[in-house]
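Following: one structure in structure tokens, then a few remarks.
Throughout, read-outs are computed from the coordinates displayed, never taken from laboratory work. Everything numeric in this text was worked out from a predicted model, so none of it was measured. A quick note on method: Cβ atoms are made from the backbone with ideal geometry, for glycine too, and the neighbour counts reach across all protein chains shown.
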Amino acid sequence: EKGGFSSFMDKEIHDQPQAVGDTLLGRFDTEGKLSLDEMHIDENVLKSIDKIVVVACGTAAYAGQVAKYAIEHWCRIPVEVELAHEFRYRDPVVNEKTLIVAISQSGETMDTIMAVRHARQQGAKVIAICNTFGSTIPRESDAVLYTHAGPEIAVASTKAFLSQVVACYLLGLYLAQLRGNKFRDEIALILKDLQTIPEKIQRILDEGKDQVLGLARRNEDVGSVLFLGRHVGYPVAMEGALKLKELAYIHAEGFAAGELKHGPIALIDDGQLVIIVVPSKRGRDSLHAKVISNIQEVRARGANTVVIAEEGDEDVREFASEVIYVPETSTLLAPLLTTVPLQIFAMELATAKGLDVDQPRNLAKSVTVE
Ligand code: BG6
């Protein structure tokens, strides 16, 4: 039931602290090391893999995009992310040394099932990341890492997405642990940081929701929204755009901020709403400064700039029409926080337009045909 919320989606957005907490639960031993009992793939096989391919559709594929940044950094294994339907029909290079990670909330998405079957025929091992116990994808995989988000009723995915991202981190950290990693200290820090995420999401819900609601109401008539992000903020930008398309039927695109000058900047006109996901100032490689200059570029061309930034980041204020702050966390974990205001924005904008946020037109919760 909706538990007092006006929609399942609203409830599920508010379930996220718990969904993330439950997905972390019981996956650490007494020394705080990761132990994944359900990882029924021989450790030697996992040590010998030389490539990971994530297959998924829709929001689940964006969770895979986040996974790519994290797993490549922690494990030094190349990670490709493929839309399951594109993977299946392009004769992909897959063999015994490939690990397939199939991400699916329902476990019944036919495109993803077909990708899993194809990969296994080529000798690859498959790990499912799934929210639905005993569904087809886990049954047809070699191992499964369940997300414990609880049933997700609203068609557009929210809590399942955050839980998928968490499960991807757990998988990456587990592989790093197994393969003897060079980032021991960083990984210990990440594990500690992960435990603080539920309370930080709760803080966004408690303290940030009204601001985002106001923003959504003021933009009820907007015709197009662009989302920009870099590094893990890039898949977050795409997810923010997808939520807005799905729920509010507004044209929206997510771009890699660095790509702006190679094309999308031509779209910027007076009043164009641009939502920018800004990486932490403490992050690597001066990405923060690079995104700030992207904000300046669109602002100079008349864009209305809404910025999602880390608490304490004062540098963004000068170029932002509005700043939505989220709590601090490690760079790689930021999607678990920055996604939340974007979900609320899409939901509140759709609500302001009088739309049914749980059952958007033309969409099904689980697409069981190819
Ligand atoms: C779409 C849903 O049809 O399928 C999305 O509308 C979802 O919300 C996508 O992300 C993938 O579904 P699943 O169950 O495989 O995660």
5 angstrom amide H check on VAL81, placed H, neighbours 5+ away: VAL54
Order of ASP206, ASP15, ASP358 - criterion: other Cβ atoms within 10 Å of each residue's Cβ, fewest first: ASP206, ASP358, ASP15
The range 86-139, relative contact order in percent, only Cα pairs under 8 angstrom and at least six apart counted: 43 percent
The range 135-152 - phi-based ³J(HN,Hα) in whole Hz, Karplus 6.51/-1.76/1.60, Gly and Pro as x: 6, 4, 4, x, 5, 9, 9, 7, 8, 9, 10, 7, 8, 10, 7, x, x, 10
Counted charge near ALA216, where neighbours are those whose Cβ lies closer than 11 Å (Asp, Glu -1; Lys, Arg +1): +1
Additional length obtainable on full extension of the chain from ASP270 to LEU363, 0.36 nm per residue less Cα span: 30.2 nm
Tail beyond 36 Å, pair distance distribution of the chain (Cα, percent): 18 percent
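Give me ILE344, ILE265, ILE129, ILE295 ranked fewest to most by other Cβ atoms within 10 Å of their Cβ, as a rough exposure proxy.
ILE265, ILE295, ILE344, ILE129
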Long-range HN-HN contacts of VAL144 with modeled amide H, under 5 Å: HIS40, ALA128
Distance violations [Cα-Cα > 26 Å] among LYS68/LYS125; LYS97/LYS365; LYS68/LYS243; LYS200/LYS261; LYS51/LYS365: LYS97/LYS365; LYS200/LYS261; LYS51/LYS365
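At a Förster radius of 25 Å, what calculated FRET efficiency corresponds to the Cβ-Cβ distance of MET110 and LEU355, to the nearest 0.05?
For R0 = 25 Å, the calculated efficiency reads 0.40.
About the Cα centre of the chain, how large is the charge dipole given +1 on each Lys and Arg Cβ and -1 on each Asp and Glu Cβ? Please answer in debye to the nearest 20.
Working: 39 positive and 52 negative charges, 133 e Å.
Value, rounded to 20: 640 debye.
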The chain - percent relative contact order, Cα under 8 Å, separation 6 or more: 19 percent
The range 294-370 and the range 172-234: distance between their alpha carbon centers, rounded to Å: 11 Å
Spacing of the two label points (7 Å from each Cα toward its C-beta) at GLU96 and GLU311, in nm: 5.2 nm
Rg [Å, one decimal], Dmax [Å, integer] - the range 235-368, C-alpha atoms: 15.4, 48
The range 79-98 and the range 36-59: distance between their alpha carbon centers, rounded to Å: 13 Å
Rg over Rh, two decimals, the range 283-344 (C-alpha only, Kirkwood Rh): 0.96
Interchain or long-range residues, amide H under 5 Å from LYS365's placed H: none
The range 1-138, relative contact order [Cα under 8 Å, separation at least 6], %: 20 percent
